[in-house]
Amino acid sequence: KDFYNASDCFVLSSEYEGFGIVLAEAMACELPVISTDCGGTREVVQNEKLLVPVKNPAALSEKMLSVMNMTSFERAELGKKNRLSVQKFSLENIMQKWLSIYENKKKG
């Protein structure tokens, strides 16, 4: 958490990721994130503008520069939106989904 809080942005440059828990963690810390579109990252980021193709360093660096050229207010606003969008992956929400599945299975 300390590293996230000391950062202006989080960049994930993976060729493949499953769910992308590090993205969710960074978003929960209200960081802007940039990621390669590599598997499960799209589900977490939910913003086409912050995804770049895999193995495209030029697109990744361009996106990084665009975020770094934002004002600190714009980056903070993006971070706040990220925190809100990642709340659907909170422990409470996931537990409710699993409990709902369990209860429906018991009834069926």
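Numbers below:
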quantity	calculated
Student exercise, the chain dipole from Lys, Arg, Asp, Glu Cβ charges, in Debye to nearest 20	500 debye
Nonlocal Lys pairs with alpha-carbon distance under 29 Å, the chain (8 or more apart, or different chains)	28
Computed over the stretch 30-80: relative contact order in percent, which uses C-alpha pairs under 8 Å that are six or more apart	46 percent
For residue 30, distant residues with modelled amide H under 5 Å away	83
Length gained when the stretch residue 56-residue 89 is fully extended (0.36 nm per residue, less Cα-Cα span)	9.0 nm
Cα-centre dipole for the stretch 26-84 with unit charges at Cβ (Lys and Arg positive, Asp and Glu negative), debye to 20	40 debye
Per-peptide average of other Cβ atoms within 10 Å, ordering 92-101, 57-66 highest first	57-66, 92-101
Virtual spin-label span in nm between residue 64 and residue 107, 7 Å along Cα→Cβ	5.0 nm
Order by protection proxy (mean Cβ within 10 Å, highest first), peptides 71-77, 44-50	44-50, 71-77
Protein accessible area in the chain, 1.4 Å probe - carbon and sulfur %	57 percent
The chain, helix-only ellipticity at 222 nm - DSSP H runs n ≥ 4, -39,500 (n - 2.57), divided by all residues, nearest 500	-16500 deg cm²/dmol
Residue-by-residue Karplus 3J(HN,Hα) for the stretch 86-92, coefficients 6.51, -1.76, 1.60, Hz, glycine and proline x	7, 4, 5, 9, 5, 4, 4
Contact order normalised by residue count of the stretch 1-41, Cα under 8 Å, 6+ apart, percent	50 percent
Relative contact order of the chain, pairs being alpha-carbon contacts under 8 Å that are 6 or more residues apart, as %	26 percent
Cut-off 15 Å (backbone N to label point 7 Å along Cα→Cβ of residue 71), residues of the stretch 27-52	none
Selected from 93, 18, 44, residue furthest toward positive end of dipole (the stretch 11-97; charges at beta carbon)	93
Full-stretch length increase - residue 8, residue 25 - with 0.36 nm per residue and alpha-carbon distance subtracted	4.7 nm
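The values are calculated or read from the model by the stated rules, or taken from the named source; none is laboratory data. Here the structure is a predicted model, which is why all the values come from computation and not from measurement. Backbone-built Cβ (ideal geometry, glycine too); neighbour counts: all protein chains shown. The accessibility values were calculated without ligands, DNA or RNA, using every heavy atom of the protein model including side chains. Shrake-Rupley method; radii C 1.70, N 1.55, O 1.52, S 1.80 Å.
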